[in-house]
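Just below is one structure, and these are the notes that go with it.
The values are calculated or read from the model by the stated rules, or taken from the named source; none is laboratory data. Everything numeric here is computed off the predicted structure, so don't read it as measured data. So basically every Cβ, Gly included, is an ideal-geometry build from the backbone, and we count neighbours across all protein chains shown. Ligands, DNA and RNA are stripped out before the accessible areas are found, and what is left, the full protein with its side chains, is counted by its heavy atoms. Shrake-Rupley method; radii C 1.70, N 1.55, O 1.52, S 1.80 Å.
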Amino acid sequence: MPWLGARAADWLRSFVGRLPDMGLQDCHTPGLDSIVLEHEADERGKKVSMKRIFVAHPGRHGLHRLLDDSGNYVLGVHTHRYDLRLTTLVGRLVNHEVRICSSLWTGEPIYERSFTSALSSATGTPVLSEPTMGFIREQRNRVLMPGESRTMFSMDLHTVLVPHEFTAWLVEEGPDRSPSRFYSRTPDHVPDTTGLYRPLSVSDATELLLKVADQTIRQ
C-alpha cells in the first residue's frame, strides 16, 4: 500500500464518503483523535479487522513526554487484544517498546493489570484487576518516519511518543486474540477518562482525514 506523497494522499481520499460513524475525539488521551477507515465484523458482530488513523493535534496533547508529573506514563504502556501494524503517515512517531520480567533486573518496578477499556466496559470507565509487580528488563524507542511501519503481536508492550507538532499514523488491527494488559509505574494509578472518547462526526472526521491527506504531500 502507498504510504508516501501523492499516492498516500489519493489512498486516504478514497475513503471520503464511506467512513463508518465510529470516529472519536480525545481517544485514550486529550488531543488524540481516531478516524476509523474500515471495520469488518463476522456474522456475530465480532471484529475481524479494522483500519484507523490516529491524529495528534499540536498544543493539545502531552505525548511529547513519556512520563507525567506523577511519574506515570502519559499514555499507559499496554498490550492489545489483537495483532497490529503501525505506519506513520505524517510527522514522526516514536514507538516506546518495553520488556518486563518477574524478578529484579534493573530495579525499576512496573505494575501489571488486566484491563478493559472505557469503550468496552459496561460502566463506561476502565476496569482493572489488582496489580502484580514486575520489573522493566528493557525499553527502547523505535522512531517511525513517514512510510515506516512496525508490526506488533498482541502481547507486545508499548506506548507512543509524538515529538512532532502534527502527527498521524495508521493502525491496522487483526481479530481479537487475548485480553489486553495495562502497565503503570505506581500500583494505585488508574487512567482518568473524564472528557475522553467523545464522538467525532463523520463530517468532522472527513475534514480531518483530508487535512492528513494534504499533509502527506506537504511534508
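General remarks:
- For region 50-71 and region 140-182, distance of Cα centres in Å: 12
- About its Cα centre, the dipole of region 63-219 is roughly 280 debye, where the only charges are +1 on Lys and Arg Cβ and -1 on Asp and Glu Cβ.
- GluC sites (Glu not before Pro) restricted to region 1-48 and DSSP loop, no more than 16 other C-beta within 10 Å: E43
- Charge tally in the Cβ shell below 14 Å around F54, where Lys, Arg are +1 and Asp, Glu are -1, F54 excluded: +3
- Solvent-accessible area of the chain (1.4 angstrom probe, protein heavy atoms only): carbon and sulfur portion equals 51 percent.
- In the assembled protein chains, S149 presents an accessible area of approximately 50 Å² (probe radius 1.4 Å).
- Simple spin-label estimate for S178 and M155 in nanometres, 7 Å along Cα-Cβ: 0.4
- Computed over protein heavy atoms with a 1.4 Å probe, the accessible surface of the chain works out to 50 Å² per residue.
- Loop sites in region 151-183: chymotrypsin sites (Phe, Trp or Tyr not before Pro), DSSP, at most 14 other Cβ within 10 Å: F153
- Ranking S149, S49, G195 by Cα position along the charge dipole of the chain, where only Lys, Arg, Asp and Glu carry charges on their C-beta atoms, puts S149 farthest toward the positive end.
- Degrees between helix 202-218 axis and first principal axis of the chain (Cα, 0 to 90, nearest 10): 90
- Exposed loop positions in the chain were taken to be trypsin sites (Lys or Arg not before Pro) whose DSSP state is not H, G, I, E or B and which have at most 14 other beta-carbon atoms within 10 angstrom. Between these positions, the longest stretch is 66-176.
- Note on Y197 and R13: the extension gain reaches 63.8 nm, defined as 0.36 nm multiplied by sequence separation minus the Cα-Cα distance.
- Calculated FRET efficiency for the pair V143/S114, C-beta based, R₀ 30 Å, to 0.05: 0.45
- Of the residues W11, L67, H158, the one whose Cα sits farthest towards the positive end of the charge dipole of the chain is W11 (charges of +1 on Lys and Arg Cβ, -1 on Asp and Glu Cβ, taken about the Cα centre).
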